[in-house]
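Enquirer: Supplied in structure tokens, the structure appears directly below.
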């Protein structure tokens, strides 16, 4: 067929094409001869350029004792040293031989074919605030401006990935390469006595701190196909990098860790990457994550990452797997025209017992051993526009199908339905224990507590307590909005149910695991009729802290006002509600004559006004009992010599009150009454 096609071509044009093609080959050959003859000169110029750039842009003195071509496409460097100006030496390599692939080189791509390196040392040194690697984090302002104006994240990521993949050789022999880190308090050594890549198959031995631990790495490297697979394991013990524990307090160890890059493609201006990680006997511990070690016998993550011109995303096809639990996280960060964040999790329907059995050991101690039946599924979806905080959208729901709690595990969540012993903690230390029940003279049944106090607490802490199922999405949305506006954590979205669970069942440690466990426990109590709302509110009022070593409304009403909780007036109730978030400052608002300082009157107008809006009290132009609050005489502060005003404290309180006002106004929806309030 080809011969017939050629016969149809005019011989004149065929001859012309052959002449042009021959001329091109001749030119390429001549160019090759010229380059080959001048390659040493070109190499010298390239090295000089590299030295100049290193010094100009990074303040690094780069020295190479010998540089020469050792083959057609091989360059050898001897005694390479890199030392940042006025800093410790960063890099030293005794011998380095690099071979590049010829055909990609003609097209302008430098792809490494082989590397032979021995006797190398990479040293990271930090003294006080100075380090020999801080140049890595320096960027010039003009470069940043140019980059941000023209930056295409997909193209940038694709270029970065290709530059990394192209540097992975098909064959490599690395011998005696030492990496060290040293600062004022810690040091770490990672030595590679030998690493070999043969036709893409990797095998390596890694020695940690001498031979304190010996790791092994195996892999299959196919950079041309943009595919990588690596496996890391150790001899006779778990893999762990001690410097993480010493420097950051993070314990991270595992028996094996596998990671793979399966696919990298550019499709319609979007970079699509697929890969994953898998670990066996993974142990994690950090004081911010959990109080105990978290143990994951077997877990994996499959991630599909999407990068566009101005966004980075995680596709819904991504999956996290722990035992029988499968969850699909997703999210997207957009940088232009507005910076937005959207994220979510979808957990398909799963047998409820499989879900609880899949939780990592040490993460949710109180739920370990629980026996349940039925099915559960969960969905979370969050959207935030950083530049427009009021646009927060949030929806979250755990759906149940025939859920039944057959037996409790370590902790009986129904224990608060009957009298129980409560022990409050301060800084991890038990304060004192007391009975929450009639045998305690300070215990006050719900029907003997002033309606003023109950209404003030509900208004200030959880307006819809008697109608929600443990959580108020609008409270969480309002919390996120307030924190974004303040650019700091100012307010949480905790309901009375959540505060009760935190106080009655959990310690005071502020960890991620404890917060998630709190949410799970609240959901179980509220959605399975474990404890009725009236009893929950009764226990809450009888155990929360109202001052230094003052717990429960019985102690609080007698401590501050010398009266029974049933006798509290409106002003006293609003005052007690004001100190719930910061109970240890309970005595600060009082003056020497026992009356409240004037700065607190705004809070009374706010809470009293909201109570009036809900029909709990009548409208009051005299600040809803503000002037009727009088502290017990023996608790009053001494009379000052001169009039003093703590302007800083007043300013802080007024600022907090404005934030509280906005938060509560959003919860009340501009004046709508909660008809299911406690009577």
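The values are calculated or read from the model by the stated rules, or taken from the named source; none is laboratory data. For clarity, every value in this text was computed on a predicted model and none was experimentally measured. All Cβ positions, glycine included, derive from the backbone under ideal geometry; neighbour counts span all protein chains shown.
Enquirer: Filter segment 257-268 down to residues that are part of a strand (DSSP E or B) and more than 24 Å from the chain's Cα centre (by Cα) and give me whichever is surrounded by the fewest Cβ atoms within 10 Å (Cβ to Cβ).
Expert: Narrowing segment 257-268 to residues part of a strand (DSSP E or B): 257-267.
Okay, now just the ones that are also more than 24 Å from the chain's Cα centre (by Cα), so 262-267.
Values: 262: 15, 263: 12, 264: 20, 265: 11, 266: 13, 267: 9.
This residue is 267.
Enquirer: Quick one: which of 551, 560, 505, 575 is touching a helix residue (DSSP H, G or I) at 6+ places or on another chain (Cβ under 9 Å) and surrounded by fewer than 19 Cβ atoms within 10 Å (Cβ to Cβ)?
Expert: So the residue among 551, 560, 505, 575 that is touching a helix residue (DSSP H, G or I) at 6+ places or on another chain (Cβ under 9 Å) and surrounded by fewer than 19 Cβ atoms within 10 Å (Cβ to Cβ) is 505.
Enquirer: Applying the selection to segment 562-613, what residues are assigned to a loop (DSSP other than H, G, I, E, B) and over 39 Å from the mean Cα position of the chain (by Cα)?
Expert: 562, 563, 564, 568, 569, 591, 592, 593, 594, 595, 597
Enquirer: Could you pull out every one of the helices (runs of 4 or more DSSP H) wholly within segment 431-537 that has 3 or more residues that are farther than 27 Å from residue 612 by Cβ and under 29 Å from the mean Cα position of the chain (by Cα)?
Expert: 473-486, 496-505, 512-527
Enquirer: Still on this structure, please answer the following. Consider segment 269-298. How many of its residues are closer than 30 Å to residue 214 by Cα, in a strand (DSSP E or B) and in contact (Cβ under 8 Å) with a residue 24 or more places away in the chain? Walk me through it before giving the result.
Expert: Taking segment 269-298 first, the residues closer than 30 Å to residue 214 by Cα are 275-298.
The next check asks that each one be in a strand (DSSP E or B); those that pass are 275-285, 294-298.
Right, trim to in contact (Cβ under 8 Å) with a residue 24 or more places away in the chain and you get 275-277, 279-285, 294-298.
Counting residues in segment 269-298 that are closer than 30 Å to residue 214 by Cα, in a strand (DSSP E or B) and in contact (Cβ under 8 Å) with a residue 24 or more places away in the chain gives 15.
Enquirer: Does residue 97 count as surrounded by 12 or more Cβ atoms within 10 Å (Cβ to Cβ), at positive phi, modelled with pLDDT of 80 or more and in contact with a strand residue (DSSP E or B) (Cβ under 8 Å, 6 or more places away or on another chain)?
Expert: Considered against the rule, which asks whether it is surrounded by 12 or more Cβ atoms within 10 Å (Cβ to Cβ), at positive phi, modelled with pLDDT of 80 or more and in contact with a strand residue (DSSP E or B) (Cβ under 8 Å, 6 or more places away or on another chain), residue 97 comes out as no.
Enquirer: Now a separate question. Does any residue in segment 552-573 that is touching a residue at least 60 places away in the same chain (Cβ under 8 Å) and in the same structural domain as residue 631 (by TED's automatic domain parsing) come within less than 7 Å, Cβ to Cβ, of a residue that is surrounded by fewer than 18 Cβ atoms within 10 Å (Cβ to Cβ) and assigned to a helix (DSSP H, G or I) six or more places away or on a different chain, and which pairs are these?
Expert: Short answer, once both residue conditions are applied: 565/448; 566/448; 569/628.
Enquirer: For segment 105-116, state whether one or more residues are surrounded by 12 or more Cβ atoms within 10 Å (Cβ to Cβ), at pLDDT 70 or above and not in a strand (DSSP E or B).
Expert: Within segment 105-116, not a single residue is surrounded by 12 or more Cβ atoms within 10 Å (Cβ to Cβ), at pLDDT 70 or above and not in a strand (DSSP E or B).
Enquirer: If you don't mind, there's one more thing I want to ask. Can you list residue pairs whose Cβ atoms sit under 6 Å apart, with the first residue in segment 619-636 being surrounded by 19 or more Cβ atoms within 10 Å (Cβ to Cβ) and the second being in a loop (DSSP other than H, G, I, E, B) and modelled with pLDDT of 90 or more? Count only pairs 6 or more apart in sequence or on different chains.
Expert: These pairs meet every condition: 625/569; 631/594.
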